[in-house]
1. Provide a single number: the residues in region 67-109 that are out of contact with any Phe, Trp or Tyr (no Cβ under 9 Å at 6 or more places or on another chain), among the charged types (D, E, K, R) and either modelled with pLDDT of 85 or more or assigned to a helix (DSSP H, G or I) (or both).
2. Give the residues of region 515-549 that are under 20 Å from the mean Cα position of the chain (by Cα) and in a helix (DSSP H, G or I), sorted by residue number.
3. Please verify whether V323 is touching a strand residue (DSSP E or B) at 6+ places or on another chain (Cβ under 6 Å) and under 28 Å from G206 (Cα atoms), treating the condition exactly as stated.
4. Could you go through region 292-299 and let me know if any residue there is crowded, with 19+ Cβ neighbours inside 10 Å, of a type outside the set (V, I, T) and closer than 26 Å to V81 by Cα.
5. Give me the strands (runs of 3 or more DSSP E) completely within region 206-288, filtered to those with at least 1 residues that are in contact with an Asp or Glu (Cβ under 9 Å, 6 or more places away or on another chain), of a type outside the set (A, V, I, L, M, F, W, C) and in the same structural domain as A508 (by TED's automatic domain parsing), ordered by residue number.
6. Being without any contact (Cβ under 8 Å) to a residue 40 or more places away in the chain and within 30 Å of the chain's Cα centre (by Cα) is the filter here; which residues of region 380-402 pass it?
7. Could you give every pair whose Cβ atoms fall below 8 Å, whose first residue belongs to region 454-465 and is touching a residue at least 60 places away in the same chain (Cβ under 8 Å) and surrounded by 24 or more Cβ atoms within 10 Å (Cβ to Cβ), and whose second residue is part of a loop (DSSP other than H, G, I, E, B) and of a type outside the set (V, I, T), counting only separations of at least 6 or pairs across chains?
8. Regarding A519, is this residue assigned by TED's automatic domain parsing to the domain that holds A286, surrounded by 24 or more Cβ atoms within 10 Å (Cβ to Cβ), of a type outside the set (D, E) and touching a Leu at 6+ places or on another chain (Cβ under 7 Å)?
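The values are calculated or read from the model by the stated rules, or taken from the named source; none is laboratory data. Quantities reported herein were computed from a predicted structural model and do not represent experimental measurements. We place every Cβ from the backbone using ideal geometry, glycine too, and count neighbours over all the protein chains shown.
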Amino acid sequence: MSLLLDGLAASSGIAIAPAYLLVGPDLSIKKQHTADKNHEVARLRDSFTLTTKELRAIRQRAHQDLGQQAAAVVDAQLTMVDDPVLVKKIENIINEQAATAEWAVKLITDHYLELFERMNGNDYLNSRALAIRDLYKRVISHLLGTNLPDPAALDHRAILVATNITPTDTAQLDRRYVAGLVTDYGGRTSHFSIMSKTLALPVVVGTHTATKKIHDGDLLVVDGIHGKVIVNPTEEQLEHYRLLAGEFAREQQAWGTLRDQHTVSQDGRQYTVAANVGTLSDINVARDHGAEGIGLLRTEFLYMDQTELPGEDEQFKAYRQFVSGMDQQRVVARTLDIGGDKRLGMLKLPREDNPYLGFRAIRIGLAEPTVLRPQLRALLRASVYGRLAIMFPMIATPEEFTRAREILDEEERKLSRAGIAVADNIEVGMMLEVPSAAVMADVFAPDVDFFSIGSNDLIQYLFAADRGNSRVAYLYQELHPAVLRLVKRVIDAAHAEGKWVGMCGEMAGNPLATPLLTAMGLDEFSMNSSQILPIRSLISHLNVRQLQPLVHRALAAHSAREVEMLVREYVPILRKN
């Protein structure tokens, strides 16, 4: 009898193959003390030495078999395991608390996980948390003398089923044998995007029960298009998915032809479809997926895992790589967006009852200019290497934008006096994620070069509902008429002043929102790289002029469900999804 498991589609495609369970040993740790601290420190150092040797071997093999992008997913662990500061912190716990090496490693790991995992909606930070878990498992396994499951041991075509697929797991996958991936937990993290590009794997994550419901050798269908896994499918189901796999392959071939073309609707309206990125390794992934620029460069990656703020030169070198790497395509860099729930060890920020509504983003930048000014100087210096736009996050009032722009202008004048070149075509805009700013978009529009709508925060602020809270997540409705009315208000206000508008939240990559956003006049869509070609293909099939009645009816609708039905009615290509 067949069994259906629902999950999250992390990488598109269809795979049919037997299951191969990749389940590790129990690595749970209990609090223990030691009478021999020196022995525990020695054990710790030995485990780090073994882990370093293991990771370097994995990286070398991944680079040889899969290329640089696959090898890069191991770099985060290598950076951490080679960090003497991290080792010293663990040793201090052993010495100060008389803790065993295992317990000290757990305490430090828990500290970093608390730092990263509370940052909802940020794929980069979630992937960093996964890297930390991965490193923890390897270090603890050596301390306990147990073996971790080895993906490289697979010697036949199969679908890997695991609690979670770690970065080092993916770096060891053999393209000859791995047909797909299924996990209990996880999300659309960057290493999944890298591996789906390298290996063309369908991936379904977040099934919660896959490792409990699936046994070795069970025949599986992995539907990476709709986020479903079928265990021991019927003949009818197999035939359906064989046909679907053929249709998907033909669709992918068609998408590939769009990679080097402009994104143009059926009636000739041109749009830009860009990528959201958070690491240097994301640049090639974005370009390979047909990105027409970077619509959101999350600069936070330079600040994570650091004990002090990165210097101007360090930031400049990183930003230069992003800007030069996009070959004159626009790169929109967001200034540091931390605070409240996003905490950095080198900044002493207050604990807050309502972190999403607290001291964060540009509010920190304006209050702590020693953080904002070096970043702006680094960005200005990098601007001469390509086409750069700078945007300030979490702007709520015109006064905030005015002050941020004044600081930028002051730093530009300082650089000019010092004889340091700055591009003369830098665009300066703002993230539009606070409802007060959206309502007053017409007041902001004359002073900005562009708006970038951060739909994730805008929607949760609009409905006063934390989208990470399962009790109120139902209120996070991208297609709700209230959201659409606010988005249209912003677009109309910007266009009245001759300014462009982008969107860099999840809504930008939602196919059901695409017809509405194109017809309302959104100029730039920015999303995870894996979504780019499907959205570009969809836009190429739309007649924007003929969708104007859809916009009018959607704005007058009463619910998100009603809007979804209208979109499917007007856009036949979306009815099958």
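1. Total meeting the criteria: 6.
2. S529, S530, Q531, I532, L533, P534, I535, R536
3. no
4. Yes, some residue in region 292-299 is crowded, with 19+ Cβ neighbours inside 10 Å, of a type outside the set (V, I, T) and closer than 26 Å to V81 by Cα.
5. 270-277
6. Narrowing region 380-402 to residues without any contact (Cβ under 8 Å) to a residue 40 or more places away in the chain: 384, 399-400.
Listed by number, the residues that qualify are V384, E400.
7. Qualifying pairs under 8 Å: G454/P393; G454/E433; G454/C504; G454/G505.
8. It is true that A519 is assigned by TED's automatic domain parsing to the domain that holds A286, surrounded by 24 or more Cβ atoms within 10 Å (Cβ to Cβ), of a type outside the set (D, E) and touching a Leu at 6+ places or on another chain (Cβ under 7 Å).
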